[in-house]
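We did not get these values from a lab; they are worked out from the coordinates using the rules stated. Note that the coordinates shown come from a computational prediction; the quantities given were computed from them, not determined experimentally. Positions of Cβ are backbone-derived with ideal geometry, glycine not excepted, and every protein chain shown enters the neighbour counts.
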Amino acid sequence: MSVLDAKIPEGPIKDKWTNHKNKINLVNPANKRLIDVIVVGTGLAGGSAAASLAEMGYNVKAFCFQDSPRRAHSIAAQGGINAAKNYQNDGDSVYRLFYDTVKGGDYRSREANVYRLAEVSTNIIDQCVAQGVPFAREYGGLLDNRSFGGVLVSRTFYAKGQTGQQLLLGAYSAMNRQIGKGKIKMYSRHEMLDLVKVDGKARGIIARNTVTGELEKHSAHAVVIASGGYGNVFFLSTNAMGSNVTAAWKIHKKGAYFANPCYTQIHPTCIPRSGDYQSKLTLMSESLRNDGRIWVPKHLKDVEAIKNGTKKPTELSEDERDYYLERRYPAFGNLVPRDVASRAAKERCDAGFGVNETGEAVYLDFASAIERYGKEKATILGEVDASTERIKALGEKVVENKYGNLFQMYEKITDENPYKTPMQIYPAVHYTMGGVWVDYNLMTTIPGCYAAGEANFSDHGANRLGASALMQGLADGYFVLPYTIGDYLAGDIRTGPIPTDTPEFDDALNDVKARLEKFINNNGTKSVDSFHKRLGKVMWNKVGMARNEKGLKEAIDEIKEIREEFHRDVYVPGDMYNLNPELEKASRVSDFIELGELFANDALERMESCGGHFREESAEEDGPQKGEAKRDDVNYAHVSAWEWTGDPSAPVMHKEKLTFNDIELKQRSYK
Amino acid sequence: MKLTLKIWRQKNATDKGAIKTYTLDNVSEHMSFLEMMDVLNEQLITEGKEEPIAFDHDCREGICGMCSMHINGEPHGPDRGVTTCQLHMRKFNDGDTIYIEPFRAKGFPVVKDLVVDRSAFDRIQHAGGFISVPTSGNTQDANATPVPKADADKAFDAATCIGCGACVASCKNASAMLFVSAKVSQFSLLPQGKVEAKRRVLNMVEQMDKEGFGNCTNTGACSVECPKGISLENIARMNREYLKATISGE
């Protein structure tokens, strides 16, 4: 085991980034034309990085497995993006955004990275508005904000419930400008299946054209992985069906350490699952917790009555309801961070108060918000004696303006009208804070290989605050990586084009070919999905919202079994040189299985509760915080960065010690 | 529910293709249409006789725009305001026969089965679907230019287009005007986009024509079938912008 150097610049935290930018090497414009950069993934991080790098003058090759870069799963982010603009004059500042993010991450993120993130956050909003991103505005024409979980200010910018879509289309438009100029060469429907190293440096990738099935060699002077998170290791998650860990996992197997894989965000407000055929879960934005109140019935008899249909939730009086978040966390109420809200929902449902057939659902109720907004609107309109119906109608209109598309989405899926009856929600896997280990420059442990956005681990610690993923993706891609990568590429101005007719490229291509041929010729009996579902069940039941030693050890054994059986008995129809979605899935699931085992090992090793990682053995036993997560700063204030050894069951751990000079380590209290 | 499915099968871009019939039992009304397709594919894989049916899909929550399919003659099926992934089987009845085909248009060649190539949409965007601003972040403060709420809202409504191509698939002329006009409108309504408005509309329309999409004859089918309800007003706005640009020049 070694201790990792994060290369954090010297100096006071507020000057680190500026000083660093002033000191790092630059590449002159004429030389940038001689340098190629590969970007894998075209979401917020990859799209913005590709656009920025091309604009600076580098030759960019961008890859995505979807049919267009605009489809990347950043598109589905709903609620908003944080920035320390303090437009609402509620005392926000760069420091406060930094502080909230470190605290929200349960003191397991790297201070210097988070400060930089907060610092560049304001540029993101300026940038996006200049690009024509249509954020929500007030009647005066200025930008509107709303509040998100875990904070006491309104710093979230939004575009209804489609903020991710609008930001991604902004990055996509910046890419389009460069594609039109020939500075980005776009490879859609291409999947990266391996990294090529030459003399220890990242020098290219092997990609499969998923339409023709051809394997292609692509070279570059640096490779950026911005391929998103690995939530689909749980099979059911709010991720897109194609979201996968493959690019990140392939670089891991070539020497990039993988950090904190067990840090997973289970989002509290998703539509509950309905049946075995279910393919994915749908998120209901956290922004709904601004106006929605979460509750379950106070008495078990009412739970029964609701389940057997003799009572409707709307018939229960205020006294018969348990607004458990408001009860347990009076200071933050319904706006506690995601990990806290998820565990609280699980606690109520485990105690038998779940309100649907599966016993895994709680209510998110908009009745009081509708009434409150209705009254406000009636007052504005001068309707002093508006009827209850009129107030409701006015209120529903206001709520529709704020969350219309989310309510519509809910109604389409569940066939229930959330304006009239409370939504049913339950936690689901949503985001992964863990990822490829990177230093302050976003470089992995492979020289010349970078990781950005959700694919890396650095900014959110053990729990991510709402509306921070979009911020991090764009910060990395627009404002961090384009600078830091120059420091490395300055050493490559005389290298010239990297040839692909070399043994390194040939070997990597042959490895990929052999791997895919093995799937096609396996003659197994079971579908890829059947293994993925089994893996997901083990992960959810034993490596999910609450974890303990016994369960984790069982999970590790079970995942090993699944891995062996998968390679022995998976059946992949079709052939290699054609569009073959089953082959694509097989390759991804194979990586998910290996990652799942590392994930469980990481969770087992971390004998503390922090953020989204809750070890049942490590909870407060008494006092006002009884039952809450108990962190262990003496033994676990570090990043666990895992090295691949060739055997999925024998990873080696390295540590990066986390030091906090600008924030005092405290128990995270939202009471 | 028990269903009869008549599905377009085509091995690759050059294959002729044909409709094949499948039957599926025990379909739950709570399933999404794509989950029903998953179950059918699982059945085909288990039988091992023929390849599962290829179809595009990704987010499965109606926002990525990847899923397509012509279902009983309508892009994204019989429901309104949804993509195929948001269409639920409760919109069908036990014993129904459902026809499932790829989007049909000259600009969208079939890749395999129900998968089509929509890269023409990307190329139209390359021609002008952007504001030429560097990504330095050193632009003016986001609140320096107020934007009237009504304009911002209209720009947003246009910007919600997911680029799925249902407008083209529903149009008898296979016109891409709704798609192109949504982007043109978004930028022409915002002060930031006005500077390049003329060039943008001329270039995007030129590329649209090159890709082989037809013209608009105002039947309005596109707007009805659009999962995001993009309004025909956008086409009118684009026509105004185009006329202005051709008359006044640079």
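Stretching A:Glu347 away from A:Lys560 to a fully extended chain increases their span by 73.7 nm, per 0.36 nm per residue minus the current alpha-carbon distance. The label-point distance for A:Arg494 and A:Asp5, in a model that sets each label 7 Å from Cα toward Cβ, rounds to 2.4 nm. Against the main long axis of the alpha-carbon atoms of chain A, helix A:581-605 sits at an angle near 70°. Here B:Val224 and A:Ala393 are evaluated by their C-beta separation; at R0 = 25 Å the FRET efficiency comes out at 0.40. In order along the stretch B:62-68, phi translates into HN-Hα couplings of x, 10, 7, x, 7, 6, 9 Hz, rounded to whole numbers, per the Karplus curve 6.51 cos²θ - 1.76 cosθ + 1.60 with θ = phi - 60° and x for Gly and Pro. A cut-off of 5 Å between modelled amide H atoms, ignoring neighbours fewer than 5 places along the same chain, links A:Arg321 with A:Lys298. You can think of it this way: the chain between B:Arg104 and B:Lys16 has 30.3 nm of extra reach, that is 0.36 nm per residue less the Cα-Cα gap. Here chain A yields Rg over Rh of 0.96, to two decimals, using C-alpha coordinates and the Kirkwood radius. Within straight-line reach of B:Lys198, meaning a Cα separation under 27 Å, sit the following lysines at least 8 residues removed in sequence or on another chain: A:Lys181, A:Lys183, A:Lys185, B:Lys149, B:Lys154, B:Lys183, B:Lys210, B:Lys228, B:Lys244. For B:Thr246 and A:Glu214, a Förster radius of 41 Å and the Cβ-Cβ distance give a FRET efficiency of 0.40, rounded to the nearest 0.05. Here's the list of lysines a cross-link from A:Lys21 could span, going by alpha-carbon distance under 20 Å and ignoring same-chain residues fewer than 8 apart: A:Lys7, A:Lys32.
For B:Asp117 and A:Glu416, a Förster radius of 51 Å and the Cβ-Cβ distance give a FRET efficiency of 0.85, rounded to the nearest 0.05.
Please report the antiparallel percentage of the DSSP beta bridges confined to chain B, to the nearest 5. Each step should come with its number before you reach the end.
On the way: 14 of 19 bridges.
If I count the DSSP bridges inside chain B, around 75 percent turn out antiparallel.
For the protein assembly as shown, give me the percentage of DSSP beta bridges that are antiparallel, rounded to the nearest 5 percent. Kindly include the intermediate steps, with their values, before the conclusion.
Working: 58 of 84 bridges.
Within the protein assembly as shown, antiparallel bridges account for around 70 percent of the total.
Give me the one-decimal nm value for the distance between modelled label points at A:Ala619 and A:Ala650, 7 Å along each residue's Cα-to-Cβ direction. Taking the two extended label points, one gets 3.7 nm.
In terms of packing, defined here as the mean over residues of other Cβ atoms within 10 angstrom, the peptides A:603-611, A:87-95 line up highest first as A:603-611, A:87-95. By how many degrees, 0 to 90 and rounded to 10, does the Cα axis of helix B:33-47 deviate from the longest principal axis of chain B? Long axis of B:33-47 versus the principal axis of chain B: about 40 degrees.
Give the shape of the stretch B:118-248 as rounded, prolate or oblate, defined through the alpha-carbon gyration tensor: a ≥ b ≥ c are the square roots of its eigenvalues, a/c under 1.5 means rounded, and otherwise the shape is prolate if a/b is larger than b/c and oblate if not. Intermediate values should be presented prior to the final figure.
Values: a/c = 1.78, a/b = 1.54, b/c = 1.15.
Prolate shape, in that a/c is at least 1.5 and a/b is the bigger ratio.
Below 8 Å between Cα atoms, with a sequence gap of 6+, how large is the relative contact order for chain A in percent? Spell out each step's value before the answer.
On the way: 1459 pairs, mean separation 141.8, N = 671.
Computed over chain A, the figure is 21 percent.
Rounded to the nearest whole Hz, the Karplus-based 3J(HN,Hα) values (6.51 cos²θ - 1.76 cosθ + 1.60, θ = phi - 60°) of the stretch A:517-530 follow the sequence 4, 4, 4, 5, 8, 5, 6, x, 10, 10, 6, 4, 4, 4, with x at glycine and proline.
When a/c is below 1.5 the answer is rounded, else prolate if a/b is larger than b/c, else oblate, so apply that to the stretch A:267-429 with a ≥ b ≥ c taken from the square roots of the Cα gyration tensor eigenvalues. It comes out prolate by the Cα gyration axes.
Count of lysine pairs in the stretch A:310-403 with Cα atoms under 14 Å apart, counting only pairs 8 or more residues apart in sequence or on different chains? Intermediate results must be reported in sequence, preceding the final value.
Values: A:Lys375/A:Lys392; A:Lys375/A:Lys397; A:Lys377/A:Lys392; A:Lys377/A:Lys397.
Taking the stretch A:310-403 as the scope, the lysine pair count is 4.
Applying a threshold of 18 Å to the alpha-carbon distances of A:Lys197/A:Lys253; A:Lys533/A:Lys560; A:Lys201/A:Lys250; A:Lys250/A:Lys526 flags A:Lys250/A:Lys526 as lying beyond it.
Under 5 Å between amide hydrogens, built in the peptide plane, is the criterion, and for A:Arg110 it picks out A:Gly461 among residues at least 5 positions away or on other chains. In order along the stretch A:6-17, phi translates into HN-Hα couplings of 7, 6, 6, x, 6, x, x, 4, 6, 9, 4, 5 Hz, rounded to whole numbers, per the Karplus curve 6.51 cos²θ - 1.76 cosθ + 1.60 with θ = phi - 60° and x for Gly and Pro. Under the combined filter of DSSP loop state and at most 12 neighbouring Cβ atoms within 10 Å, the stretch B:95-139 retains these trypsin sites (Lys or Arg not before Pro): B:Lys106.
How much length, in nm to one decimal, is gained on full extension between A:Asp319 and A:Lys553, taken as 0.36 nm per residue of separation minus their Cα-Cα distance?
On the way: separation 234, 0.36 × 234 = 84.24 nm, distance 4.37 nm.
Gain on extension, A:Asp319 to A:Lys553, equals 79.9 nm.
The helix-only estimate of mean residue ellipticity at 222 nm for chain A, built from DSSP H runs of length n ≥ 4 each weighted as -39500 (n - 2.57), is -12000 deg cm²/dmol after division by the residue total.
Against chain A, whose longest principal axis comes from its Cα atoms, helix A:338-350 is set at around 60 degrees.
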